[in-house]
1. Could you please give the count of residues in the range 120-142 that are without any contact (Cβ under 8 Å) to a residue 40 or more places away in the chain and under 21 Å from the mean Cα position of the chain (by Cα)?
2. May I ask you to list the residues in the range 47-99 that are of a type in the set (Phe, Trp, Tyr) and under 23 Å from the mean Cα position of the chain (by Cα)?
3. Of the residues in the range 149-183, how many are part of a helix (DSSP H, G or I) and closer than 16 Å to residue 194 by Cβ?
4. Could you give me the residue pairs with C-beta distances under 7 Å whose first residue belongs to the range 160-188 and is within 28 Å of residue 242 (Cα to Cα), whose second residue is part of a strand (DSSP E or B) and β-branched (Val, Ile, Thr) wherever it lies, and which are 6+ apart or on separate chains?
5. Going by the conditions given, is residue 55 touching a helix residue (DSSP H, G or I) at 6+ places or on another chain (Cβ under 9 Å) and farther than 14 Å from residue 124 by Cβ?
6. Within the range 234-253, can you find the residues that are farther than 20 Å from residue 173 by Cα and either in contact with a strand residue (DSSP E or B) (Cβ under 6 Å, 6 or more places away or on another chain) or part of a helix (DSSP H, G or I) (or both)?
7. Can you give me the ranges of the helices (runs of 4 or more DSSP H) entirely in the range 1-94 with at least 3 residues that are small (Gly, Ala, Ser)?
8. Taking the options 236, 260, name whichever one is free of Cβ contacts under 8 Å to residues at least 40 places away in the same chain, farther than 15 Å from residue 15 by Cα and under 18 Å from the mean Cα position of the chain (by Cα).
Amino acid sequence: MAVMPRRFASVDALRGITVAAMLLVNNPGDWDHVYAPLEHAEWHGCTPTDLVFPFFLFIVGVSVALGIVPRFEAGADPGALRRGVVWRAAKIVGLGLLLHAIAWWLLDKPHFRPWGVLERIGLCFLAVGLLATTSSRPRLQWALIAVLLLGYWALLAWGGSYAPWENLASRLDTWLLGPLNYQFDPATGRGHDPEGLLSTLPAIATCLLGLRAGDWLRSGRIGRLCVVAVAALLLGLAWAQVFPLNKNLWTSSYVLWTAGWAMLALAVCHALIDRRGWPALGRSFGVNAIAAYAGSALMVYLFAWLGWWGPIYRAGFADWMTPRFGPYVPSLAFALTFVGVWWIVVRLMDRRGWYLKL
């Protein structure tokens, strides 16, 4: 008999809020006028915006714990589960590459970028999904988290610098892809990609921490979830004194710091939504996360190619708002409107039972 994993409305809601936050911070009306909390830290540090991507990777791990692990523990064919993991990971990576190819073609970008958000999600899902279909032993998972975080710290320390362009992660990305990196300086020949290869290793640890949190959620051990959340925050903050919080490098301290906040957010959502029956705000985004992310990206590319973004922003927001409120308010209003448009789209899809799944 097939096992039907339990679905938590809190997880759908948290995933949806995270996707909505992604759209908000990625689509301001004017990149020169963005409120500080809605921008990434320039290098070291962690703003609210720097929590968004690790939250999503964390939720990927939670979803593996809720969806794949119960089937594995119930005796489902491990080979079939692994083939499913590999195929889904390939589709996620493939979609990321396709979106980059479309952007490269439509926007006449100087080069094609191989790394990216979906590519990192696919690789992390692949690693954690294969582990979950091999062994569900917590000690093995904790050991792997420790090896990834301590090993990455040792690698970057051995590289001699955490500075932009000079760190080991950037140097490896430069050697592998050169000008195909997200950032490349022709004058120095140095490149950097915030979703590069080496920094994907600690990102896998983020996903693994989500796997552990999902196991506690599934078994009702919410007290443990909260205790580990506080411990991760304190340890991450302490570690940051020698290995700074840094999203671009996805430092080990950043992994613990962001996972701690993600665990607390999950615990709060579970308490309010699953236990107290509060509305699952964000659910429509959560059950159609791929549709919202990929669809909004295609919308951005198409509107930019048609030359519509500037006129829409000026006529709808900047021309009449800026004299009254200054330049930051219309930029934020545009981003909120963008999120609102896509909320309507995914809401309608949800009502009709249309779900885009990979």
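1. Taking the range 120-142 first, the residues without any contact (Cβ under 8 Å) to a residue 40 or more places away in the chain are 122, 135, 137, 139-140.
With under 21 Å from the mean Cα position of the chain (by Cα) added as a condition, the list becomes 122.
So the count comes out to 1.
2. Here is the first cut: in the range 47-99, the ones of a type in the set (Phe, Trp, Tyr) are 53, 55-56, 58, 72, 87.
Of everything in the range 47-99, those that are of a type in the set (Phe, Trp, Tyr) and under 23 Å from the mean Cα position of the chain (by Cα) turn out to be 53, 55, 56, 58, 87.
3. If we filter the range 149-183 for residues that are part of a helix (DSSP H, G or I), which is where we start, we get 149-159, 168-180.
Those still in the list that are closer than 16 Å to residue 194 by Cβ too: 152, 156, 168-174, 176-177, 180.
Result for the range 149-183: 12.
4. Taking only residues 6 or more apart or on different chains, not a single pair turns up.
5. On the way: touching a helix residue (DSSP H, G or I) at 6+ places or on another chain (Cβ under 9 Å): yes; farther than 14 Å from residue 124 by Cβ: no.
Taking the combined requirement at face value, the residue does not satisfy it.
6. Correct list: 234, 235, 236, 237, 238, 239, 253.
7. Details: elements: 9-26, 52-67, 69-73.
By residue number, 9-26, 52-67.
8. Values: 236 fails: under 18 Å from the mean Cα position of the chain (by Cα).
Going through 236, 260 in turn, just one is free of Cβ contacts under 8 Å to residues at least 40 places away in the same chain, farther than 15 Å from residue 15 by Cα and under 18 Å from the mean Cα position of the chain (by Cα): 260.
We did not get these values from a lab; they are worked out from the coordinates using the rules stated. Given the structure is predicted, the values throughout are model-derived calculations rather than measurements. Because the Cβ atoms are built from the backbone with ideal geometry, glycine has one as well, and the counts that use them run over all protein chains shown.
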